Amino acid sequence: MTSAIQKNFCGIITRRERWGLSWRGWLAFILAALLIAVLLLLNIQPFLAKTQRVNTNILVVEGWIHEYAIRDAAAEFQTNHYEKIYTTGGPIVGSDGFTNDFNTSASVGAELLKKIGVPGQFIQMVPSHVSGRDRTYSSAIALRDWFREHNVAVRSVNVLTEDAHARRTQLLFQKAFGSGVAVGVISVPDPDYDAKHWWRTSEGVREVLDESIAYVYARIFFHPSENFSEK
């Protein structure tokens, strides 16, 4: 008895049986992990680049998108029952902050729509004055405030954007507008990579990984103040 107590350091520690994975268990674990990785590989891009329209007469276009996506925006407007296009966006990247409304992505997007053939009376640019972080959310807030200031009753909008940015765009616009407004989203595919095999090109890897990280941040860690405004 005394010997047993001494071996257990006077009862301070005890010896217990421990279960662990056998080599078969580790093999099953590794195979399951590989299966999950493959499923993520195949489904993450479609998950991010979602298209989910709602019934609305308002089309919102993120002004920073490339001309190929602007062409799709013009086609979307012309083939559906929209009454107005609103272009959003803040100071152009590299412009060292806000200088004026015409040096914004909202203005660039509006001019490209006119260039493609959308009549100007159907286009309203709504620039954001915020640069740096959270540009998409700031753009959505600027649009929300513009609607309020001009007494435009809004129940639903469709936001058109590029590729894997779509799910995050919808999330942030919904955060800005609140539950009283239905936010749909339209994703325009990026022609620079094959969405079904996005991991085969640097453009696809960069787009999907960047947007995956940004979406997780927006979903879990981004909690804007209820009183957030550009004013």
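The values are calculated or read from the model by the stated rules, or taken from the named source; none is laboratory data. None of the values given here were measured: they were computed from a predicted structure. A quick note on method: Cβ atoms are made from the backbone with ideal geometry, for glycine too, and the neighbour counts reach across all protein chains shown. Surface accessibility is based on the protein's heavy atoms, side chains included, excluding ligands, DNA and RNA. Shrake-Rupley method; radii C 1.70, N 1.55, O 1.52, S 1.80 Å.
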In the range 149-172, anything more than 28 Å from Leu41 (Cβ to Cβ), of a type in the set (A, V, I, L, M, F, W, C) and in contact (Cβ under 8 Å) with a residue 24 or more places away in the chain is listed as Val154, Val157
Can you pull out the residues in the range 176-192 that are crowded, with 18+ Cβ neighbours inside 10 Å and either modelled with pLDDT under 95 or not in a loop (DSSP other than H, G, I, E, B) (or both)? Ala176, Phe177, Val183, Gly184, Val185, Ile186, Ser187, Val188
Within the range 164-184, count every residue that is within 16 Å of Glu211 (Cα to Cα) and touching a Ser or Thr at 6+ places or on another chain (Cβ under 6 Å). 3
Anything in the range 25-62 that is among the polar types (S, T, N, Q), under 17 Å from Tyr215 (Cβ atoms) and surrounded by 11 or more Cβ atoms within 10 Å (Cβ to Cβ)? List them, or say none. Gln45, Thr51, Gln52
Matching residues in the range 129-145 - criterion: being over 15 Å from Ala214 (Cβ atoms) and at pLDDT below 95: His129, Val130, Ser131
What is the one condition in (1) in a loop (DSSP other than H, G, I, E, B); (2) in contact with a helix residue (DSSP H, G or I) (Cβ under 8 Å, 6 or more places away or on another chain) that Ala106 does not satisfy? (1)
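Within the range 16-52, how many residues are among the aromatic types (Phe, Trp, Tyr) and within 27 Å of the chain's Cα centre (by Cα)?
Of the residues in that region, 1 qualify.
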Would you please list the contacts, defined by Cβ atoms under 7 Å and residues six or more apart or on different chains, that run from a residue in the range 126-141 that is within 17 Å of Ile58 (Cβ to Cβ) and of a type outside the set (Ser, Thr, Tyr) to a residue that is in a loop (DSSP other than H, G, I, E, B) and open to solvent by 10 Å² or more (accessible area, probe 1.4 Å)? Ile141/Phe228; Ile141/Ser229; Ile141/Glu230
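Yes/no per residue for (1) among the hydroxyl-bearing types (Ser, Thr, Tyr); (2) part of a strand (DSSP E or B); (3) in contact with a Lys or Arg (Cβ under 9 Å, 6 or more places away or on another chain):
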residue	(1), (2), (3)
Leu160	no, yes, no
Gln170	no, no, yes
Gln174	no, no, no
Glu207	no, no, no
Asp210	no, no, no
Tyr215	yes, no, yes
Enumeration of residues in the range 193-213 that are within 11 Å of Gln45 (Cα to Cα) and either out of contact with any helix residue (DSSP H, G or I) (no Cβ under 8 Å at 6 or more places or on another chain) or open to solvent by 10 Å² or more (accessible area, probe 1.4 Å) (or both): Asp194, Ala195, Lys196, His197, Trp198, Trp199, Val205, Glu207, Leu209, Glu211, Ser212
So Ile65 fits all but one of (1) open to solvent by less than 70 Å² (accessible area, probe 1.4 Å); (2) β-branched (Val, Ile, Thr); (3) part of a helix (DSSP H, G or I); what number is the exception? (3)
Collect the residues in the range 87-108 that are open to solvent by 70 Å² or more (accessible area, probe 1.4 Å), more than 23 Å from the chain's Cα centre (by Cα) and over 19 Å from Leu143 (Cα atoms), keeping them in residue-number order. Asp96
Residues Glu111, Glu149, Glu162: which one is closer than 18 Å to Ile92 by Cβ and open to solvent by 60 Å² or more (accessible area, probe 1.4 Å)? Glu111
Would you pick out the residues in the range 114-127 that are open to solvent by 50 Å² or more (accessible area, probe 1.4 Å), more than 16 Å from Ala69 (Cβ to Cβ) and part of a helix (DSSP H, G or I)? Gln121, Phe122
